[in-house]
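The values are calculated or read from the model by the stated rules, or taken from the named source; none is laboratory data. As the structure is a computational prediction, the values presented were derived from the model and not from experiment. Methodologically, a virtual Cβ is constructed for each residue, glycine included, from the backbone with ideal geometry; neighbour enumeration extends over all protein chains shown. Protein only, heavy atoms only, side chains kept; ligands, DNA and RNA dropped before computing areas. Shrake-Rupley method; radii C 1.70, N 1.55, O 1.52, S 1.80 Å.
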Amino acid sequence: MSANLGAWLCVLAAVAVAAVLPPAADALGMNWGTQATHPLSPRIVVQMLKDNGIKKVKLFDADQATLSALAGTDIEVMVAIPNNLLDLMNEKDNAREWVRHNISRYHFDGGVNIKYVAVGNEPFLASYNGTFDKVTFPALQNIQNALNDAGFSEIKATVPLNADVYNSPSANPVPSAGRFRTDVTQLMTQMVQFLANNSAPFTVNIYPYLSLYLSADFPVDFAFFDGLATPVVDGVNTYTNVFDANFDTLVSALAAVGHGDLPIIIGEVGWPTDGDKHANNALAKRFYDGLLPRLAANTGTPLRPAQYMEVYLFGLLDEDVKSVAPGAFERHWGVLRFDGQPKFPMDLTGKGQNTMLVPAKGVRYLPRTWCVYNPNAEDKSKLVENVNYACTFADCTALGLGSTCYGMDVNGNASYAFNMYFQVQNQKDEACDFQALAVPTQTDPSTAACNFPIQIAASSTSGGRRRTRAGPLGAVALFVLALTQLLISH
């Protein structure tokens with residue numbers, strides 16, 4: 001073989017290898033939530049997943065349109081049974097019917113590559129006060145048994161759990177002291193044994209952001225991976241970030257019930273980009289810039305070093321009707337905007353390249369028309385009442401303290417609220433009146449910091465899931481109202 005021929009063969013081999021390597025890290029998946037007034041069409045989302053090399057997706061239901069769009073893609077899928085169906089799954093016949101309807105008709109060669117069934121979503125959350133404690137484990141058993149009986153033993157049932165199911169005692173707050181919460185210890189022991197018997201993984205949602213959000217004393221740098229925080233020393237192990245510490249607290253809790261080697265999936269991890277002073281694009285980028293290279297390198301944690309870690313980022317898209325009970329940030333977890341447009345540079349390969357995600361293609365928008373406050377309105381006495389109405393039926397979380405649109409004057413606040421409602425209502429003429437306090441405009445009222453969005457046209461959405469109420473008036477809307485009243489009084 002000549003030197004030139006050998007060189008060319010090496011080049012061709014390198015090209016061939018590059019052609020088959022996915023753009024995203026093999027272990028990386030995405031959570032695809034759809035709690036939006038105008039969710040993107042499943043086919044648009046699936047194409048976007050493929051364009052970005054994302055090979056795994058975690059759902060929160062088993063929606064027919066979503067599963068149909070995933071058919072033939074070979075994307076690994078975790079379908080889900082919502083918490084409100086867990087009680088029904090306690091009947092074996094119902095579990096078998098659910099498997100027949102949601103697994104059997106999709107999981108075949110050329111169909112949907114279903115790998116997991118999520119039984120509930122954080123059902124043992126402490127704030128649920130035991131609502132799902134008695135129904136979750138029987139549902140898990142019945143679903144896995146139904147899968148096995150239907151010939152799908154390769155599909156594993158798991159329960160995505162919040163990290164509050166385990167902790168370390170306050171007297172010794174280190175990962176090695178991790179134990180399951182006392183009120184669920186017996187239940188968790190039984191469930192972990194069942195998972196182990198069926199070669200199924202333990203699934204946990206870990207949110208460093210929430211550690212920061214829930215405690216004013218939490219060291220900011222410990223939420224990130226860049227080594228700037230004061231380390232936590234636990235025997236021979238040192239922790240420089242809360243993710244590793246949290247993960248290893250779970251490993252210790254599993255070991256305490258005899259299953260320290262049980263596979264662990266990170267069902268959700270991410271960083272929001274609005275709705276709080278620590279929720280912004282810059283900090284989200286900092287978080288992912290630290291997390292993704294670690295995943296690509298299989299860095300692992302002190303108790304599980306140099307190990308593959310299956311992780312699902314939360315989330316793919318912003319969702320404008322998610323509950324804001326935990327905080328206004330809940331509607332802004334997406335690495336992409338509601339319309340599938342990237343927010344900040346993000347390299348899913350973990351190589352640290354300053355690249356943007358591939359945006360959604362084929363998205364159609366409503367006309368470039370906004371609804372704004374009418375400065376010439378004669379009667380302004382009902383302004384607060386109308387802002388209240390708009391923010392009850394649309395998403396005003398960007399106006400809250402520390403958010404991207406915080407700090408505008410009364411006209412700006414009212415304009416933002418009116419426009420969000422106008423867009424949710426598909427720009428209907430009657431949706432931009434507010435007792436003569438609003439007028440439509442073709443001039444973009446956005447500022448350098450605050451974007452006034454144009455909503456997706458109906459043909460770009462999935463149609464059957466559209467919701468018109470953004471939820472009850474919460475803390476954000478009350479804050480906006482109070483701010484508006486204060487501005488008016490001055």
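Can you say whether PHE393 is surrounded by 16 or more Cβ atoms within 10 Å (Cβ to Cβ), within 25 Å of the chain's Cα centre (by Cα) and at pLDDT 95 or above, as far as the supplied structure shows? Spell out how you get there, then give the answer.
Details: surrounded by 16 or more Cβ atoms within 10 Å (Cβ to Cβ): yes; within 25 Å of the chain's Cα centre (by Cα): yes; at pLDDT 95 or above: yes.
Taking the combined requirement at face value, the residue satisfies it.
Here is a list: LYS322, LYS382. Which entry is more than 22 Å from LYS428 (Cα to Cα) and of a type in the set (D, E, K, R)?
After ruling out the rest, the residue left standing is LYS322.
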*Total residues in the range 338-354, condition touching a residue at least 40 places away in the same chain (Cβ under 8 Å) and open to solvent by 20 Å² or more (accessible area, probe 1.4 Å)*: 6
*Looking at (1) touching a residue at least 12 places away in the same chain (Cβ under 8 Å); (2) open to solvent by 10 Å² or more (accessible area, probe 1.4 Å), can you tell me which one ASP433 breaks?*
(1)
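Mind counting the residues in the range 150-171 that are crowded, with 17+ Cβ neighbours inside 10 Å and more than 20 Å from LEU59 (Cα to Cα)?
Step one: filter the range 150-171 for residues crowded, with 17+ Cβ neighbours inside 10 Å, giving 152, 155-163, 165-168.
Right, trim to more than 20 Å from LEU59 (Cα to Cα) and you get 165-168.
Total meeting the criteria: 4.
From VAL233, VAL220, VAL174, which residue is more than 27 Å from LEU59 (Cβ to Cβ) and open to solvent by 70 Å² or more (accessible area, probe 1.4 Å)? Break it down stepwise before answering.
Numbers: VAL220 fails: open to solvent by 70 Å² or more (accessible area, probe 1.4 Å); VAL174 fails: open to solvent by 70 Å² or more (accessible area, probe 1.4 Å).
Only one candidate qualifies: VAL233.
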*Limited to the range 74-106, what total is found for residues that are part of a helix (DSSP H, G or I) and farther than 17 Å from ALA146 by Cβ?*
2
*Just for the range 86-95: of the residues that are of a type outside the set (Gly, Ala, Ser) and crowded, with 18+ Cβ neighbours inside 10 Å, which one is nearest to the chain's Cα centre (by Cα)?*
LEU86
*Residue satisfying all of: in the range 245-286; in a helix (DSSP H, G or I) and closer than 30 Å to GLY407 by Cα; least open to solvent (accessible area, probe 1.4 Å) among these*: ALA284
*Looking at (1) crowded, with 17+ Cβ neighbours inside 10 Å; (2) in the same structural domain as LEU49 (by the TED database); (3) closer than 15 Å to GLY275 by Cβ, find the lone condition where LEU316 falls short.*
(3)
*Among the residues of the range 42-73 satisfying the criterion of being of a type in the set (S, T, N, Q) and assigned to a helix (DSSP H, G or I), which is least open to solvent (accessible area, probe 1.4 Å)?*
THR66
_Yes or no: the range 107-125 includes at least one residue that is assigned to a helix (DSSP H, G or I), open to solvent by 60 Å² or more (accessible area, probe 1.4 Å) and not small (Gly, Ala, Ser)._
no
